[in-house]
Each structure stands twice: as structure tokens, then as C-alpha cells.
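The values are calculated or read from the model by the stated rules, or taken from the named source; none is laboratory data. Predicted model, so just to flag it, every value in this text is computed and none were measured. Counting neighbours? That spans all protein chains shown, and the Cβs are built from the backbone with ideal geometry, glycine included. Keep in mind that these areas ignore ligands, DNA and RNA; they rest on the heavy atoms of the full protein, side chains included. Shrake-Rupley method; radii C 1.70, N 1.55, O 1.52, S 1.80 Å.
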Amino acid sequence: MINYIKSENYRLLRKKSLYMTSVICCLLIVVAAAVLYYTHQQDPNFPYATSMFLYSNVISGTLLIMIVGLLFNSALTGKDASLIKQSVSFGVSRNTVFWSKLILTLSYFLLICVIGLILTITLGETLLASEGQSVKNFLIASSNMVPIVLSGFFMIHALKMLKVSEVYIIIMFLFIFIFSGDLLYMLFDYTPSTLLNENLMSFVNNSAHFDYRHWVTGIVISVISLLIGAKRFAKQNID
């Protein structure tokens, strides 16, 4: 597996899309903070030039973060069917292919998330008005997002390895992570959309706290996605 990971890592680092996605993500954060700062300079009464408002936009942007995850994962699972077939024909097991691509793309995705988090806090605390425990609450709310975001990434990986179209993946994400709370009443307290909305509201109300339900939901979705994805990929015909 190590040799396969090294070869995939070499190939991944040569893809321009990886760097373009990373730069665009950082630029979006910088632009958001700069717009708030500039607007406040033009209008001292502008009420949203605060670190709290900047952080709340990150907390509410789970779907956007997952789309970034989709772009990162697609770097190794997009138009690689022929390369996967070639690797398998040379004796690389399908399990090695499945888990190696996951480990690599997840590693770089987590790296850009950490960079984005540090950049957001740095800009929020230097350019904008800081509000009390905003950084602490932001970190707590972000930690609640982690299992949900990871479960989304694992689902993306499983679906991409099974050659599911990006359009269907996005539709599925809209259902699970945006509309699930309104449609699945029996599981209302544990649906991703409900948990993410409650997390945002807790942050906005300065009452952010660790919520185990995010981890329960995230772990369940992650385990189901990876088990089904790995099992079906092992039996899938590679054209």
C-alpha cells in the first residue's frame, strides 16, 4: 500500500486543480474579511464588521466546505478509471486502491481546512472587531462540524469510486445535509441539517458547546458509507 500511496501522491501533486482549489478557498476567506473591513471603513455604523459575523459565515457554509471536499476527492477519483484498471491488472488490490485514494485526498483536504481555519481566525482578530469569546465559540462550533464534514467526505469518496455522477452526489448532499431535518421527522434530532442549524444558532447566541450528537451522526454515516463503498467497489466491474 505504501508504494501505491507514494505513486498516487506524486500524481496528485502534479495536478493543477489541487492548487487552484486551495488558492481559491483561501482567497474567498480573504475577500470575505476584506469586504467587511472595507465596508466598515466606509460606514463606521456598519454592524457586521465583526469576527463573530465572519465566523458565523464559516459555520453556516458546511455545504460549500463539502463541495471543496468533492473537488479534492475528484483529483484522484475523477477521470481515473483506466488508471485504476491498470493498477488492478498489475496486482494492486482493490482495497488498496480504495483506501489509499481516501487517505491521500482526505489528508490534503484536512490540511486546507486547517489552513483556512487559521486564516479565518487571523483575519477575524486583526481586521475586524473581536467579540468576547468569539474564537473559543468558533473552535467549539467548528469541532461539532468536523464529524458531519468528514462523513460527507467519506460519502463522496464512496460514491466517486462507484462512478456516481457529481450531479447525483450534489442532489444527495442537498437532501441529507440541507433538507433532511424537514423531511425525516422521526430522526429530527439526529439529521445532519438539524444538527448543523442548531450548531450555527448556538454559535450566534454565544452558547456554543460540544454536542455528542454530531459525532454519533457523523460516525454512523461515515461507517455506512465506507463499508458499502469498499464492499461494492471490490465487486465492481472496472471498464
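Quick one: in the range 160-179, of everything that is touching a Gly at 6+ places or on another chain (Cβ under 8 Å) and either of a type in the set (S, T, N, Q) or open to solvent by less than 30 Å² (accessible area, probe 1.4 Å) (or both), which residue is farthest from Leu102 (Cα to Cα)?
Out of the qualifying residues, it is Phe177.
Which of the residues spanning the range 190-237 are touching a Gly at 6+ places or on another chain (Cβ under 8 Å) and surrounded by fewer than 14 Cβ atoms within 10 Å (Cβ to Cβ)?
Once the filter is applied, which keeps residues that are touching a Gly at 6+ places or on another chain (Cβ under 8 Å) and surrounded by fewer than 14 Cβ atoms within 10 Å (Cβ to Cβ), the range 190-237 yields only Asn206.
Have a look at Phe72, Phe90 and point out the one that is aromatic (Phe, Trp, Tyr) and under 27 Å from Leu27 (Cβ atoms).
Every option except Phe72 fails the conditions.
Out of Phe90, Phe53, I need the residue that is surrounded by fewer than 20 Cβ atoms within 10 Å (Cβ to Cβ), more than 23 Å from Ser165 (Cβ to Cβ) and in contact (Cβ under 8 Å) with a residue 12 or more places away in the chain. Which one?
Values: Phe90 fails: in contact (Cβ under 8 Å) with a residue 12 or more places away in the chain.
Criteria check complete, one pass: Phe53.
Can you pull out every residue in the range 24-49 that is part of a helix (DSSP H, G or I) and aromatic (Phe, Trp, Tyr)?
Answer for the range 24-49, where residues must be part of a helix (DSSP H, G or I) and aromatic (Phe, Trp, Tyr): Tyr37, Tyr38.
Identify the residue in the range 93-110 that is open to solvent by 70 Å² or more (accessible area, probe 1.4 Å) and more than 20 Å from Ser17 (Cα to Cα) and, among all such residues, is nearest to the chain's Cα centre (by Cα).
Out of the qualifying residues, it is Trp99.
Mind checking which residues of the range 1-23 are within 24 Å of the chain's Cα centre (by Cα) and outside any helix (DSSP H, G or I)?
Passing the criteria: Arg14, Lys15.
Name the helices (runs of 4 or more DSSP H) wholly within the range 89-195 that hold at least 2 residues that are within 17 Å of Phe72 (Cα to Cα)?
94-127, 134-161, 166-173
Residue by residue through the range 111-139, note down the ones that are open to solvent by 40 Å² or more (accessible area, probe 1.4 Å), farther than 19 Å from His209 by Cα and among the aliphatic types (A, V, I, L, M).
Residues satisfying the conditions are Leu111, Val114, Ile115, Ile118, Leu119, Leu127, Ala129.
Kindly check whether there is at least one residue in the range 63-71 that is free of Cβ contacts under 8 Å to residues at least 24 places away in the same chain and in a helix (DSSP H, G or I).
yes
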